[in-house]
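Just below is one structure, and these are the notes that go with it.
We did not get these values from a lab; they are worked out from the coordinates using the rules stated. Predicted model, so just to flag it, every value in this text is computed and none were measured. Don't worry about glycine lacking a Cβ; one is built from the backbone with ideal geometry, like all the others, and counts go over all protein chains shown.
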Amino acid sequence: MRSDGISAVVTGGASGLGAATARALRAAGAAVTLFDRDSGRGRDLAAEIGAGFAEVDVTDEASVAAGITVATTAMGRINALVNCAGIVIGERVVGREGPHALASFRRVIDINLVGTFNCVRLVAAEMAKNAPVDGERGVVVNTASVAAFDGQKGQAAYAASKAGIAGMTLPLARDLATVGVRVCAIAPGIFLTPMLESLPAEVQAGLAAEVTFPKRLGRPEEYAALVRFILEAGYLNGEVIRLDGALRMR
């Protein structure tokens, strides 16, 4: 898939990895529509880079469907979906306040895992309407995490949600092969997103020291570069790719 032929939806596109991806795709000539709950940031970024925007809750079927209508009206079609919407919490299974709150566990699973699947199923149905190019009608890139494999203390909910994304990659690829849609996932390590940028410099340095090489935090534009590679590499399918500087969390 050529970058200048891409019509992409990027969820969580108002900030962090999603914003970097939207910028990179627009710079390469792709059409982009941002999905995000943060309408202020989303509309500002969309105006800055020349993208579309829809205020979307990825966990809500009607909200995603409405966003798809906005995207297809603006771009004519959708042939790429990059799912970056997600949240992270830190909560021990048994902590000082007692057992892990079931509501917070459900919320993380609902947004990170169910929300990702909700967008995949609805956007893939739209992709199936596209005329194939070399047999391909679309590409999906989901965001897992190294926490799917090396989850830390307090990450039971987050690790479970990201392991679910990693685990459904191959079944999604197999199911969607019938309509000519490829599916991959990226498992980022520790990236310099707005949440991490808010931490003290010494804390950032300590996190970077855990990385094998290069000893620094990942840059959102590096995630975006891998997204673009996946979209363009037509034989890459059903794969979960770690992007982590060989980090293995202790």
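For the chain, the residue among Ala159, Thr116, Gly180 whose Cα projects farthest onto the positive side of the dipole built from Cβ charges is Ala159.
Taking label points 7 Å from Cα along the Cα-to-Cβ direction, Arg41 and Ala201 give a separation of 2.4 nm.
Near Ala185: Cβ cut-off under 12 Å, other residues only, Lys/Arg at +1 and Asp/Glu at -1. The net charge is +2. The Cα atoms of the stretch 1-107 cover 52, 28, 26 Å along the three principal axes, with the biggest extent listed first. Under 5 Å from the amide H of Asn142 lie the amide H atoms of Asn83, Cys184, Ala185, Ile186, each residue being 5 or more positions distant or on a separate chain, with H modelled from the backbone and absent for Pro and chain starts.
Take the convex hull of the alpha carbons in the stretch 207-250; its mean projected area over all directions comes to 3.7 nm².
Dipole magnitude for the chain: computed about the Cα centre from +1 point charges on Lys and Arg Cβ and -1 point charges on Asp and Glu Cβ, it is near 380 debye. Under 5 Å from the amide H of Gly218 lie the amide H atoms of Ile190, Phe191, Leu192, each residue being 5 or more positions distant or on a separate chain, with H modelled from the backbone and absent for Pro and chain starts. Could you tell me whether the stretch 97-241 comes out rounded, prolate or oblate from its Cα gyration tensor? Rule is a ≥ b ≥ c as square roots of the eigenvalues, rounded for a/c under 1.5, then prolate if a/b exceeds b/c, otherwise oblate. Oblate, because a/c is 1.5 or more while a/b does not exceed b/c. The calculated FRET efficiency for Val93 paired with Val133, based on their beta-carbon distance and R0 = 45 Å, is about 0.40.
Computed 3J(HN,Hα) for the stretch 205-216, one whole-Hz value per residue from the Karplus formula 6.51 cos²θ - 1.76 cosθ + 1.60 where θ = phi - 60°, is 5, x, 5, 5, 5, 6, 6, 5, 5, x, 7, 7, glycine and proline marked x.
Within a straight-line Cα-Cα reach of under 25 Å, Lys153 can be paired with the following lysines, leaving aside sequence neighbours fewer than 8 residues apart in one chain: Lys162, Lys215. Per residue, the chain reaches -12500 deg cm²/dmol at 222 nm when only DSSP H runs of four or more residues are counted, each adding -39500 (n - 2.57). For Leu243, the residues whose modelled amide H falls within less than 5 Å of its own, excluding neighbours fewer than 5 places apart on the same chain, are Ala187, Gly189.
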